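Working notes, beginning with the structure itself.
Taken together, the values in this text are just the output of simple stated rules run on the coordinates, not laboratory data. Just so it is clear, the structure is predicted and the values come from calculations on it, not from any experiment. Counting neighbours? That spans all protein chains shown, and the Cβs are built from the backbone with ideal geometry, glycine included.
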Amino acid sequence: MAKGKGKNKERESTSTKKHHTSHRGRQESKRSTVKSNFPAKLAMWDFEHCDPKRCSGKKLERLGLIKNLKVGQKFQGIVVAPNGKSVVCPDDREIVEQFGVAVVECSWARLDEVPFNKIGGKNERLLPYLVAGNPVNYGRPMRLNCVEAVAACLAIVGHRDWAEQLMSNFEWGKAFLEINQDLFDLYEDCTDSQSIQDAEKEFLAAIEAEREEKRMKKSQGVDLWAGGNPNREYDSDEYSTQEEEEEDDIEGKNILVINIPGENDNSSSEQEDDEVDDEIDVVSSKVDTLSL
């Protein structure tokens, strides 16, 4: 009797395992279906450096949009990695369309722990100058997270629509694309890796020249606001005329009126000494913002 019960338990256990396996299989099948809906193949090597709740790569994996590769696996498409030998460029478009994009999901502070010799592929690339839009490194140059790196690669090779589709899964995704819009336009007009690097160098030189000019003006005591707000144009003559009209209007209203009793002493109490003060407080407030 005891033996019979033991056999029944084994059958139940086996049945339960089969059910779980079947359920897991359906989940994986569903996930792969979601993944196939994205136009490009996406992959990553995840080294578990990040908080799973905040990790963009983990979120893409949960959405079924990216495949997690193991250490030792290589990738045929474009691999965006810090050890790349050339820069992502529009000439990489065909490789992206055919084989996709892969990234290394790791912490910037722990790059020395990543075995780059055991991952990657023959098409390893660096990204040109871009600015992060993610909540952790917002506004910091070249501190892109996993999904930003993938989206940047897609945008540079000419698939801005794919980048927008991918970033739509993140609340801050649109901000990243907007911050780097001019840079994406600049890089898309290039062809090969060298032209991307030349455009990047020219852009950074212009930024540095602007900073140096501001530093010089500040050291010389030049009022940076003397020329007005460069982001807001207006006609100085028209502005002066408006100010004069406002002053005339104020002078006309700023009158002290006193009724002096005279021959009309028999007037009613309503005509007794009546003193009226018109007080006008004129407050002029100008707020200009300078976009840096």
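By its C-alpha gyration tensor, with a ≥ b ≥ c as the square roots of the eigenvalues, how is segment 62-102 shaped: rounded for a/c under 1.5, else prolate for a/b larger than b/c, else oblate? Note, shape of segment 62-102 comes out oblate.
Using only alpha carbon pairs under 8 Å that are at least six residues apart, calculate the relative contact order of segment 34-209 and give it in whole percent. Provide the component values of the computation, followed by the final result.
Working: 303 pairs, mean separation 41.5, N = 176.
Result for segment 34-209 is 24 percent.
Rounded if a/c is under 1.5, else prolate if a/b is larger than b/c, else oblate: which is segment 69-202, with a ≥ b ≥ c the root eigenvalues of its Cα gyration tensor?
Numbers: a/c = 1.43, a/b = 1.15, b/c = 1.24.
Here segment 69-202 falls in the rounded category.
By definition, a body whose alpha carbon gyration tensor gives a ≥ b ≥ c is oblate when a/c is 1.5 or more and a/b is not larger than b/c, and segment 124-219 fits this oblate description. Remark: relative contact order (segment 118-159) = 28 percent; criterion is Cα-Cα distance under 8 angstrom and separation of 6 or more residues. For the cross-link pairs 174/214; 53/122; 174/217; 59/118; 85/201; 174/218, the ones whose C-alpha atoms lie over 28 Å apart are 174/214; 53/122; 174/217; 174/218. Converting phi to 3J(HN,Hα) with the Karplus coefficients 6.51, -1.76 and 1.60 and the offset θ = phi - 60°, segment 164-174 yields 5, 4, 5, 6, 5, 7, 10, 4, 8, x, 5 Hz in sequence order, with x at every glycine or proline.
Label-to-label distance, residue 112 versus residue 179, with points set 7 angstrom from Cα along the beta-carbon direction: 2.7 nm. Applying the Karplus relation 6.51 cos²θ - 1.76 cosθ + 1.60 with θ = phi - 60° to segment 49-58 yields 3J(HN,Hα) values of 7, 9, 5, x, 6, 10, 6, 5, x, 4 Hz, where x marks Gly and Pro.
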